[in-house]
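Asks: Take this structure, written in structure tokens, and hold onto it; I'll ask about it next.
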Amino acid sequence: MNVQELYINMDDSGVLHQNEYCSIYGGLIFFSKQQQDDFGRKYKSILNKIKCCYCKSNKLKCCHICPEIKDTNIHSNHKRWLFNMIQKEICFAVVIHNQKIKKSIMENKNARGRYRDYAQRLLIKRVLEYCIQNQYINPFLPIKLIIRIDQQATSTDTHREFIFDIQKELTQGMTNFEYRMVHKPILYAKLEIDLKYVLSHRHISIQASDLIAGETRHVILSNMDSITMLKKLDYLNIKLFLP
């Protein structure tokens, strides 16, 4: 039996901390390695055309690795060029309003880490729900999730526990005793999870995810009204707001 594949790539913008207004995790998905590789080649082709604009060395003698082009340093015209390509894919983001999170969580480093994992886990579930609703995947057939997250965005200490929690959330469901809520499973066949934390400069899809997360944060911080804000976020196929 053929196994359905889903590639989920994720990066962050902002920090889950009480001194910041919000933190974002965003990215994009693909349904095969071929689809992801095709995107990577096109994205890299654009990078090759603009990368010299970000290098301070003598261009005639340049022989070193070019600096990574990120949301924090990219020129607006180059960003539009890349973003026009990114928007053709399925994009997602979770917006965490830091100041609405309980003080007991924000003041404890471990609690913040658990909340970060919860937000990422819930976002992955929303991505799967979107794919099921739009018939990209069949929840009754085996699925392999290939998840890549920027290494700078998280700690790898709870790697195995995080995989277990994703597996349980999707195939068994989770119970929130504090709010007396039961979240039902959404997958009913074998689920394999391949999760790795990667360096963004080595992973094109994570670099694209950085632009998605960064642009989403710019929109949230722009203080526009909610209707205009949602319109500005229409490049996101999946949007999640927490808490």
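The values are calculated or read from the model by the stated rules, or taken from the named source; none is laboratory data. All values derive from a computational prediction rather than experimental measurement. For neighbour counting, all protein chains shown are included, and Cβ atoms are generated from backbone atoms with ideal geometry for every residue, glycine included. SASA here: full protein model, heavy atoms, side chains in, ligands and nucleic acids out. Shrake-Rupley method; radii C 1.70, N 1.55, O 1.52, S 1.80 Å.
Asks: Give the residue that is surrounded by the fewest Cβ atoms within 10 Å (Cβ to Cβ), with candidates limited to residues of the stretch 124-146 that are assigned to a helix (DSSP H, G or I) and not β-branched (Val, Ile, Thr).
Replies: GLN133
Asks: Moving on to the next point. Of all residues in the stretch 200-243, which are part of a helix (DSSP H, G or I), of a type in the set (Gly, Ala, Ser) and either at pLDDT 90 or above or open to solvent by 60 Å² or more (accessible area, probe 1.4 Å) (or both)?
Replies: Matches in the stretch 200-243: SER205, ALA208, SER209, ALA213, GLY214, SER226.
Asks: For a quick check of your reading: which helices (runs of 4 or more DSSP H) sit entirely within the stretch 1-119 and have at least 3 residues that are basic (Lys, Arg)?
Replies: Because the criterion is at least 3 residues that are basic (Lys, Arg), the helices (runs of 4 or more DSSP H) in the stretch 1-119 that meet it are 33-50.
Asks: Let me ask something else about it. Of all residues in the stretch 35-49 being loosely packed, with under 15 Cβ neighbours inside 10 Å and not hydroxyl-bearing (Ser, Thr, Tyr), which is farthest from LEU128 (Cα to Cα)?
Replies: Result: LYS49.
Asks: If you don't mind, there's one more thing I want to ask. Does SER32 satisfy the condition of being among the small types (Gly, Ala, Ser) and open to solvent by 30 Å² or more (accessible area, probe 1.4 Å)?
Replies: yes
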